[in-house]
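Chemist: Sharing a structure here in structure tokens format.
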Amino acid sequence: MKCCLDMSLKRLSTIRFYGLLIALLSFSGLTACATVEPWEKGILAKPEMGWTLDPVESALESHIFFSKEGSSGGNISGGSGGGCGCN
Amino acid sequence: MNNAFPIFVLTLIIFVTLPAPANSAKIGDSLPITLPSLFDNKKMISSNQFKGKVLYVDFWASWCLPCRKSLPQLNELRKRLTSNGKGFEVLAVNLDGKPSEALEFLNKYPVNYPVVYDATGKYPKLYGVRGMPTSYILDPQGRIQYVHSGFKNSDIKKIEALVHEMLP
């Protein structure tokens, strides 16, 4: 009786393992992450892709951002600074 | 064995789903470029044409702000070096989505060096460009000797010094 119970538990864990394996393989096929190469970012660099279309407002936002965060970049207006707010 | 097998399978899944590592040019590599001219797509230009000269290969696009800064500076550097009879040339590889975008920029800021157009992104992939702009300084034998990523105005002095060191 104990022997039969052990066998069915083993079978159940094998079924679970293969079920998990199939699920993982299926999920891996669902990856939608495509790499955008550096030279393919032309559309992202267009002014209309910025947070704001007004260059003055954009520069001001950028200045506030790098003054507060000590970092910059990834936006249209650019700029750089070390967080001191002196640029 | 029972414990090792699931770990092996999971590791395998992780490696299979990871993106393949990008190729990257190494110092000493010789990767000739042959592409049509941006101004005349029937005219092919090859980096091999400039063997015997130090060649500055510049991957750029008109939408990239540091690239826009670099072009006039490179034009000036080329003017300075070639007026002294030095063996130096710049080969600009444009990577804009449409050649008209690059032409529009070059109409405003013309350069005297050859500009080729890579519509498929074959060469930045081959060279392993990771950011814009990226430049490669090739020695007179056509081998990569230096890789420069990004561009700020102060970089031109460093580039000039490097080119001087490599001039034949």
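Every number here is computed from the coordinates shown, using simple stated rules; none is lab data. No experiment lies behind these values; they were computed from the predicted model shown. Glycine also receives a Cβ, built like all others from the backbone with ideal geometry; neighbour counts cover every protein chain displayed.
Chemist: Quote the charge dipole size of the range B:35-166 about the Cα centre in Debye, to the nearest 20; the model charges only the Cβ of Lys and Arg (+1) and of Asp and Glu (-1).
Modeler: 100 debye
Chemist: Between B:Tyr109 and B:Asp40, what is the label-point separation in nm under the 7 Å Cα-to-beta-carbon projection?
Modeler: 2.6 nm
Chemist: Further question: Anyone know which of B:Thr34, B:Thr134, B:Thr120 comes out most mobile in the 10 Å Cα GNM of chain B?
Modeler: B:Thr120
Chemist: In what sequence do A:Met49, B:Met132 fall when counting other Cβ within 10 Å, fewest first?
Modeler: A:Met49, B:Met132
Chemist: In addition: If eta is 1.002 mPa s and T is 20 °C, what Stokes-Einstein diffusion coefficient results for chain B, Kirkwood Rh from Cα pairs, in µm²/s?
Modeler: Translational D for this selection: 124 µm²/s.
Chemist: Just counting partner chain Cβ atoms within 10 Å, what average do the residues of peptide B:60-67 show around their Cβ?
Modeler: That average works out to 3.
Chemist: Please check: in the Gaussian network model of chain B (C-alpha springs, under 10 Å), which one of B:Ser47, B:Ser70, B:Ser24 has the largest mean-square fluctuation.
Modeler: B:Ser24
Chemist: Could you give the angle, 0 to 90 degrees to the nearest 10, between helix B:65-83's Cα long axis and the longest principal axis of the Cα atoms of chain B?
Modeler: Roughly 50 degrees, rounded to the nearest 10.
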